[in-house]
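The values are calculated or read from the model by the stated rules, or taken from the named source; none is laboratory data. Just so we're clear, the structure is a prediction, and the values are computed from it rather than from any experiment. Glycine gets a Cβ as well: all are built from the backbone with ideal geometry, and neighbour counts include every protein chain shown. These area figures cover heavy atoms from the full protein model, side chains too; ligands, DNA and RNA do not enter into them. Shrake-Rupley method; radii C 1.70, N 1.55, O 1.52, S 1.80 Å.
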Amino acid sequence: MSEPDRIIRLRTVLARTGLSRSTLYRKIAEGTFPAQIRISINGAGWRESDVNRWIADPLAWHTRA
């Protein structure tokens, strides 16, 4: 049985990717970075597996989005 996918918050995503906040959101708008998912009324995060796939091959993400 595999572990459930964790949801990671903005600070963690920025630390793992090395992107700035503005660059991250620009890439989301362009479709070259995984979109965040809503986890509550005021909260959002990213699936850890999506971020890990982007880190492994950032150029290929656009074709998966």
Take region 33-65 and flag every residue that is assigned to a loop (DSSP other than H, G, I, E, B) and under 15 Å from Leu14 (Cα atoms). Phe33, Pro34, Ala35, Gln36
Scan region 5-28 and tell me whether some residue there is at pLDDT below 90 and either in contact with a helix residue (DSSP H, G or I) (Cβ under 8 Å, 6 or more places away or on another chain) or not charged (D, E, K, R) (or both). yes
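Scanning region 15-53 for residues that are of a type in the set (A, V, I, L, M, F, W, C) and closer than 14 Å to Asp5 by Cβ, which turns out most open to solvent (accessible area, probe 1.4 Å)?
Applying the filter and picking the extreme gives Ile39.
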